[in-house]
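Novice: There's a structure below that I have some questions on.
We did not get these values from a lab; they are worked out from the coordinates using the rules stated. In this text, all values refer to a predicted model and were calculated from it rather than measured experimentally. With ideal geometry, Cβ positions are generated from the backbone for all residues, glycine too; neighbour counts draw on all protein chains shown.
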Amino acid sequence: MTHRNDAARGADVLGRWRMLAEQRLEHLTELFESGRWRRYHSEQTFLENIREAKNAVEIWRGLSAPKAVPQKPIAAAQSILIRALAPAPVTAPEPIAIPRAKEPEFVAPPPAAADPVVDMMALEQALDVPELAIDLASIEKRYPLLRNTL
């Protein structure tokens, strides 16, 4: 009794999946006929979707078609189960040789750099750069609006 219920339940599930695949193919066909597929897909992806839908419909129709299941003798089924459930021999994998890393070499840090302000002053003295004098008269000529702030 339970075998029939399980078979009927399985056929029902297969039938529902087949119907879903057919509905998907019908939807894609409707999109093609109306031209709306261009809104949602590129030409390449739409053709791939149609191919997948057709293949799915063929597969589910083949699976949901009633087939005669040959009855095997019980002894043959038991021997198949025993072979399937027998533990497979386990072998340990070969160890992996990992090369050793080199020992780190300690290097003395470079001498501390001189103060950048002192270096700049030394550079100016070496190049004899004249100091810039602020000439208020020339600034007033160029920028008359700044007269009140200076």
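Novice: How many nm is it between the label spots at Glu30 and Ala108, if each spot is 7 Å from the Cα in line with the beta carbon?
Specialist: About 8.5 nm, to one decimal.
Novice: Modelling each spin label as a point 7 Å along the Cα-to-Cβ direction, I'd like the Leu136/Met19 distance in nm, to one decimal.
Specialist: Calculated label separation equals 9.8 nm.
Novice: Sticking with this one: About its Cα centre, what dipole magnitude does segment 19-67 give when the only charges are +1 on Lys and Arg Cβ and -1 on Asp and Glu Cβ, stated in debye to the nearest 20?
Specialist: For this selection, approximately 80 debye.
Novice: Please sort 24-35, 90-101 by packing, taking for each peptide the average over its residues of neighbouring beta carbons within 10 angstrom, highest first.
Specialist: 24-35, 90-101
Novice: For Leu145 and Ile98, calculate 0.36 nm times their separation in residues minus their Cα-Cα distance, and state this gained length in nm to one decimal.
Specialist: 9.2 nm
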